[in-house]
Amino acid sequence: QSVNLSTVSEFVLIGLSEVPAVRFLLFVLFLAIYLATMAGNITILVAVSTDTRLRTPMYFFLGNLSLLDILCPTITVPKMLEALLLDNRVISFTGCMVQLFFLVDVVGTEIFLLAVMAYDRYVAICHPLQYVNVVSMKLCAHLALGTWVVGFFNSLLHSSLIFTLVFCGSNRVGQYYCDIPPVLALSCLPTYHRELVILAVAGVLGSSAFVVTLMSYLHILLAILCMKSSESRHKAFSTCGSHLTVVCLFYGTTICTYVRPSSTYSPNQDRIVSMLYGILTPLINPIIYSLRNKEVKCALRRVI
């Protein structure tokens, strides 16, 4: 006998404000941020893909990061802008499922990619003589593909656990987009065992990637401290410090969102946290990772 797994055909996303004037101001603000994010990341993607001088492992990974930073806000921000401008906060069950799947996919992939990028910088700074032999373009392609594949299957697991639940009560999602914690909170069935699986998988994969990232940067910092030139140390500290700031911001906000029980879910707090990794990080990544780089700026001038 077939069972309808969901009596809810659509969800209602929570609004950022009920006041029309405030909604319009927020619409203008987030539209400007979104357009700036798209412009910055698309420009870097074009420069990396067209300039032969940037055909190196570091810029190959930066191109992947820019692509992820284009996808991440594109999954959530357009619907948020529609809700702010038109006050249309309804999303279909299928639309919610698709949004959640691609968001978890992109966020997971970016976590693994940041770990790969940290390892690449570790080899470049700590073992410069072996760098060309260790980090080949073939290895880079395999590592980048691996991050996308792991992100995809991680999202497939999480999404299948969420959308095979029964939703028969409230359809009001406590977030401006469909995400695991607020959707999980709407289920009519007990979610304890599914939450355990989600926490275990997210915990193991997330902590593994974080350890690789952290250990890579610790070795990089130790190598910088051993540099004789104070100018070289200052420059390296500035670059690595900026990278580590972005990594900590991204990891901290995503772990705060996903690696915890749904009983601790707080809509107001989670909206702020999700904006940090979903909207702010894709905006500042191009500045931190690329636009401060002399080679990238020269490539952008050549492209323009």
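The values are calculated or read from the model by the stated rules, or taken from the named source; none is laboratory data. Note that this is a predicted model, so its numbers are computed, not measured. Positions of Cβ are generated from backbone atoms using ideal geometry, with glycine treated the same way; all protein chains shown enter the neighbour counts. Accessible surface areas use protein heavy atoms only, side chains included; no ligands, DNA or RNA. Shrake-Rupley method; radii C 1.70, N 1.55, O 1.52, S 1.80 Å.
This model, with +1 at the C-beta of Lys and Arg and -1 at the C-beta of Asp and Glu, gives the chain a dipole about its Cα centre of some 920 debye.
Using every Cα-Cα pair within segment 41-198, state what percent have a distance larger than 18 Å. Percent of Cα pairs beyond 18 Å in segment 41-198: 66.
When only C-alpha pairs under 8 Å and at least 6 residues apart count, what is the relative contact order of the chain, in percent? Intermediate results must be reported in sequence, preceding the final value.
Details: 354 pairs, mean separation 84.7, N = 304.
So the answer I get is 28 percent.
Over the C-alpha trace of the chain, radius of gyration and Dmax come out as 20.8, 74 angstrom. Summing Cβ point charges (Lys, Arg +1; Asp, Glu -1) relative to the Cα centre of segment 28-164 gives a dipole of roughly 260 debye. With R₀ set to 25 Å, the beta-carbon distance separating Phe24 from Thr94 gives a calculated FRET efficiency near 0.25.
Could you tell me which of rounded, prolate or oblate describes segment 58-99, using a ≥ b ≥ c as the square roots of the eigenvalues of the alpha-carbon gyration tensor, with rounded for a/c under 1.5 and, failing that, prolate when a/b is larger than b/c and oblate otherwise? Before the final figure, lay out the partial values.
Details: a/c = 7.97, a/b = 2.26, b/c = 3.52.
Oblate is the answer for segment 58-99, as a/c is 1.5 or above yet b/c matches or exceeds a/b.
For the pair Leu31 and Val273 in one chain, pulling the backbone fully straight at 0.36 nm per residue adds 85.2 nm over the alpha carbon distance. Could you look at the chain and say what percent of its accessible area is carbon and sulfur, using a 1.4 Å probe and all protein chains? Here it works out to 70 percent.
If you count Lys pairs in the chain whose Cα atoms are under 27 Å apart, skipping same-chain pairs closer than 8 places in sequence, the total is 5. Scoring 125-135, 87-97, 68-78 by mean Cβ neighbours within 10 Å over their residues and listing the highest first yields 68-78, 87-97, 125-135.
Rolling a 1.4 Å probe over the protein heavy atoms gives segment 10-301 an accessible area of 46 Å² per residue.
Between helix 137-162 and the chain, what is the angle of the helix's C-alpha long axis to the longest principal axis, kept within 0 to 90° and rounded to the nearest 10? Helix 137-162 sits roughly 20 degrees off the main axis of the chain.
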